[in-house]
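A.B. asks: There's a structure below that I have some questions on.
The values are calculated or read from the model by the stated rules, or taken from the named source; none is laboratory data. The model shown is predicted, which means the values in this text are computed figures rather than measured ones. Here the Cβ positions follow ideal geometry from the backbone for every residue, glycine too, while neighbour counts run over all protein chains shown. Remember, those area values only see protein heavy atoms, side chains included, never the ligands or the DNA or RNA. Shrake-Rupley method; radii C 1.70, N 1.55, O 1.52, S 1.80 Å.
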Number of protein chains: 2
Amino acid sequence: MLWAIELEYDGTPFMGWQRQKHGVSIQQVIEEAAAHLRGGEIPAVTASGRTDAGVHALAQIAMLDLPANFSPSRIREALNYHMKPHPVVVLRATPAPPDWNARFSAVRRSYRYVISNRPAWPSIEENRVWHVKADLDDAAMHRAAQTLVGHHDFSSFRASACQAKSPWRTLDALTVERQGDHLIINAVARSFLHHQVRNMVGSLKLVGQGRWPESAIPEALAAKSRAAAGPTAPAGGLYLVSIGYDPPLQFEA
Amino acid sequence: MLWAIELEYDGTPFMGWQRQKHGVSIQQVIEEAAAHLRGGEIPAVTASGRTDAGVHALAQIAMLDLPANFSPSRIREALNYHMKPHPVVVLRATPAPPDWNARFSAVRRSYRYVISNRPAWPSIEENRVWHVKADLDDAAMHRAAQTLVGHHDFSSFRASACQAKSPWRTLDALTVERQGDHLIINAVARSFLHHQVRNMVGSLKLVGQGRWPESAIPEALAAKSRAAAGPTAPAGGLYLVSIGYDPPLQFEA
């Protein structure tokens, strides 16, 4: 039977979501744990999308075949038991709806990027934030971010390795908000290009520092060239926050 | 010249604040870094109070002798450079006021304790929270906590190793607040006994689980016996949040 699971993970020690020849991936940890529930047979686990090495998830959604006679809480407890001590946990599980697919049924993806904006490097939040010493103008960053919202060719913010057929995406929201020493950047879209959030953040940071005028963001977008935009922000500041489905997945309370 | 420094640290890898024969302490890391600014001579660094192994600080205050011709930002940058990669950073520094003492001039200490209250163990927040699976009644915990506020003999919540002359303390505030899956417990007092916050939290958790009635908290207090209270909550959930002085320390912006 097909199950949907909601996952939280610390991306720091992993090569990313996808199985790799060298190094441990999140997919591998889940698949090997799931094999214990399937008499040793390793299933294929598919996520809503692949997160890169170092990127965290607060509520990634994945699907996999597991016995129908398990309860959602038993699925959660059993997988968590076998995944320890890897920092990956199942928060919730539910039988998948008919014709549902973790990747193709997703209609909304939300990411958060966190910058620690202060002189001292982050001792408690290392690998959880991007440390930027220079005082960032969050209001200028937010204004510039609004020029990226909408339906655009995002070639300038797309990794060269991106395998998407089209560079066109619809960015539903991109906000920059200061909370004390932290800058919180929230991005929402049906789907993103590879590295799109980190490339947008890397460019907005240049605006925040005053190295780029706000107008440089729409100019970079219009150039449709990766070279026209800023560098890729580090992976450790990025969190996959939620995946939306229509109708929403129904987890038990 | 005497300087006051504001420190953030991840307590996880340390034996605690105080120098130990076996294992690295926060005090040792700071003293050895400071020696680089003093021609190799290791100074004594005194904090507002000693935190235990595994306890974190968001703004611990300490004092030490450093050259008068350094600027506050140079003190911060130089100490942070030499303390790397230990997870201890100076957030701010300022010349100490006349007759000021990091420990004895402190008039208010604020601690925060964080519980992750959900079925799955915390992958991203490991060593940063206490994981309690059982659903906790935060309102009952908050009500019970109010019976500890005030001037009391806190013998029941005091570590056997506590070196304080008197078990009497004035607890100014003790609040329990739920924020999603997190329970945030804030405690404020002029000073605390050894393990006092963790012992109060360990007892309140029993109330939250329904294993103790709310009335068991004032009864434990009245018993004036460590055996009458609950177990000590784990160190990793505890944060030293701030130290108050009168007049307040003036850090440059």
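A.B. asks: How much accessible surface does A:GLU125 have with a 1.4 Å probe, in Å² rounded to 10?
C.D. replies: For A:GLU125, solvent-accessible area is about 60 Å².
A.B. asks: Probe 1.4 Å, all protein chains in place: accessible area of A:CYS162 in Å², nearest 10?
C.D. replies: A:CYS162 has an accessible surface of roughly 20 Å² with all protein chains in place.
A.B. asks: Now for a separate question. Can you work out which chain B residue has the shortest Cβ-to-axis distance for the rotation that carries B onto A, and give it in Å?
C.D. replies: B:ARG128, 5
A.B. asks: Turning to a different aspect of this structure: For a Förster distance of 25 Å, can you work out the FRET efficiency between the beta-carbons of B:ALA68 and B:ARG19, rounded to the nearest 0.05?
C.D. replies: 0.45
A.B. asks: Between A:GLU177 and B:GLN209, what is the label-to-label distance in nm when each label sits 7 Å out along the Cα-to-Cβ direction?
C.D. replies: Label-label distance for A:GLU177 and B:GLN209, simple model: 3.6 nm.
A.B. asks: Let me ask something else about it. Tell me the carbon and sulfur percent of the accessible area for the protein assembly as shown, rounded to whole percent, probe radius 1.4 Å.
C.D. replies: Looking at the protein assembly as shown in its full context, I get 50 percent from C and S.
A.B. asks: Using a label point 7 Å beyond Cα on the Cα-Cβ vector, give me the inter-copy distances for B:TRP168 in nanometres, one decimal, shortest first.
C.D. replies: Taking the point 7 Å beyond Cα along Cα→Cβ, the inter-copy spacings are 7.8 nm.
A.B. asks: By its C-alpha gyration tensor, with a ≥ b ≥ c as the square roots of the eigenvalues, how is the protein assembly as shown shaped: rounded for a/c under 1.5, else prolate for a/b larger than b/c, else oblate?
C.D. replies: Cα axes put the protein assembly as shown in the oblate bin.
A.B. asks: At q = 0.21, 0.24 Å⁻¹, what log₁₀ I(q)/I(0) does a Debye calculation on the Cα points of the range B:178-253 give, no solvent, two decimals?
C.D. replies: -1.04, -1.23
A.B. asks: Could you compute the net charge surrounding A:ALA139? Neighbours are other residues with a C-beta less than 13 Å from the C-beta of A:ALA139; K and R count +1, D and E count -1.
C.D. replies: -3
A.B. asks: A further question follows. With an 8 Å Cα cut-off and a minimum separation of 6 or more residues, compute the relative contact order for the range B:106-241 in percent.
C.D. replies: Once divided by the residue count of the range B:106-241, the mean separation gives 35 percent.
A.B. asks: Under 1.5 on a/c is rounded, so check that first for the range A:1-92, then, if it is not, pick prolate when a/b is larger than b/c and oblate when it is not; a ≥ b ≥ c are the square roots of the alpha carbon gyration tensor eigenvalues.
C.D. replies: The shape class here is prolate.
A.B. asks: Can you give the net charge of the other residues whose Cβ lies under 13 Å from the Cβ of B:LEU249, counting K and R as +1 and D and E as -1?
C.D. replies: Counting the neighbours of B:LEU249, the net charge comes to -1.
A.B. asks: Would you please give the FRET efficiency between B:ARG108 and B:ARG38, computed as 1/(1 + (r/R0)^6) with r the Cβ-Cβ distance and R0 = 22 Å, to the nearest 0.05?
C.D. replies: Plugging the Cβ-Cβ distance into 1/(1 + (r/R0)^6) gives 0.10.
A.B. asks: Under 14 Å from a point 7 Å along the Cα-to-Cβ line of A:ALA222: which residues of the range A:113-148 have their amide N that close?
C.D. replies: From the range A:113-148, the list is A:147-148.
A.B. asks: OK, next. Rounded, prolate or oblate, given the Cα gyration tensor of chain A, with a/c below 1.5 counting as rounded?
C.D. replies: Judged from the Cα gyration tensor, chain A comes out prolate (a/c at least 1.5, a/b above b/c).
A.B. asks: Taking the Cα of B:ASN101, stepping 7 Å toward and past its beta carbon, and measuring to each backbone N in the range B:31-63: which are under 16 Å?
C.D. replies: The answer is B:44-50, B:62-63, whose backbone nitrogens lie closer than 16 Å to the label point.
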